[in-house]
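Below is one structure, written out as structure tokens, with a few remarks after it.
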Amino acid sequence: MSEVQPAWLEEVGSGLLSGFSELTGEPMPEDATCDLLARGWRLYQRKRGHRTSSDDQLAAWMAVRAAGGASVERYLDIGCGIGSVLLLTAATLRPARSLGVEAQRQSARMAHQSVVELPDAPSIRLVHGDLRELTEEQVGSFELITGSPPYFPVGTGVPSPDPQREACRFELRGGVEGYCDAAGRLLTPEGRLCLVFQTVWTPRVHEAARAAGLRLVEQVDVRTRRDRMEPFLSGYTFARGSWEAPPAPLELAVRDSSGAVTGEWNALRAELGLV
């Protein structure tokens, strides 16, 4: 693993600091753009690569909801990609310390650039490495963890020839099970894990959490349109503890039957500073 912006990780050992100059010395992608994200913060993303989406907005909103207005001391985004969820959550909650971990080099490079150019120098750090290898001895424990795992097992679709897009869509380094396992190791006793995944895989998400010693606190199912038959995306909040009967999901819709953005989705975006 390599840390891509040195600062407060010196307290968790030098193993994460190797390779910093190697990664940050890489050029930015030729099609990278720097776009306004929220609250005056900007995000680097590729025109023809992985871009921020409603999935990221849902994940960050679940995190803000899980915090419940309380201050957050330590926040971790595992598999942070280009940094969308990390930055949306950090911009809204202003944790004392935030950490993003990403294995795909190009995504980690762009996330790093977004962080170093933030206008108000928050305490956000990035590690280039595999979330499955993180230990509490390396990074400590966290009150809040977010993750948006890739949705497709290898072999269930046509892989993209673009390495960055392929890594964001397919489980090249494992799936939701790895995310839950990492959170099970790194959550504080009262901490919360907020995940976003396709609704159709809900039984798999529940089983992964149960195997990691986590229980479901809340589930939010999202429809692309209110008149669609089934939700397409779900947000999950987990805490440590024995599995219990899951609560009934809350339902949201991105658009109404006419195609207009719903008031509930606009309220979600407003809470994140997106409108």
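The values are calculated or read from the model by the stated rules, or taken from the named source; none is laboratory data. Here the structure is a predicted model, which means the values were calculated and not measured. Please note: Cβ atoms are built from the backbone with ideal geometry, for glycine as well, and neighbour counts cover all protein chains shown.
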Item to check | Matching residues, segment 224-253, being within 24 Å of residue 145 (Cα to Cα) and touching a Phe, Trp or Tyr at 6+ places or on another chain (Cβ under 8 Å) | outcome: 233, 234, 235, 236, 252
Item to check | Restricting segment 169-217 to residues that are more than 19 Å from residue 232 (Cβ to Cβ) and hydroxyl-bearing (Ser, Thr, Tyr), the residue that is modelled with the highest pLDDT | outcome: 188
Checklist entry - Of the residues in segment 207-251, how many are of a type in the set (Gly, Ala, Ser) and either surrounded by fewer than 20 Cβ atoms within 10 Å (Cβ to Cβ) or in a loop (DSSP other than H, G, I, E, B) (or both)? => result 8
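Do we find that residue 44 is aromatic (Phe, Trp, Tyr), in contact with a helix residue (DSSP H, G or I) (Cβ under 9 Å, 6 or more places away or on another chain), closer than 22 Å to residue 181 by Cα and modelled with pLDDT of 95 or more in this structure?
no
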Item to check | Matching residues in segment 256-275 - criterion: being loosely packed, with under 14 Cβ neighbours inside 10 Å and over 14 Å from residue 224 (Cα atoms) | outcome: 267, 270, 275
Checklist entry - What do you reckon, is residue 254 at pLDDT 95 or above, closer than 27 Å to residue 45 by Cβ and touching a strand residue (DSSP E or B) at 6+ places or on another chain (Cβ under 6 Å)? => result yes
Next on the checklist: Can you tell me how many residues within segment 119-149 are among the aliphatic types (A, V, I, L, M) and either surrounded by fewer than 16 Cβ atoms within 10 Å (Cβ to Cβ) or in a helix (DSSP H, G or I) (or both)?
Outcome noted: 3
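So, in segment 50-70, of the ones that are within 17 Å of the chain's Cα centre (by Cα) and assigned to a loop (DSSP other than H, G, I, E, B), which residue ends up surrounded by the most Cβ atoms within 10 Å (Cβ to Cβ)?
Of everything passing the filter in segment 50-70, 50 is surrounded by the most Cβ atoms within 10 Å (Cβ to Cβ).
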Item to check | Top-ranked residue of segment 1-41 - restricted to ones that are part of a helix (DSSP H, G or I) and within 18 Å of residue 82 (Cβ to Cβ), ranked as modelled with the highest pLDDT | outcome: 24
Checklist entry - Looking at segment 80-118, which of the residues that are of a type in the set (D, E, K, R) and either in contact with a Cys (Cβ under 7 Å, 6 or more places away or on another chain) or outside any helix (DSSP H, G or I) (or both) is surrounded by the fewest Cβ atoms within 10 Å (Cβ to Cβ)? => result 117
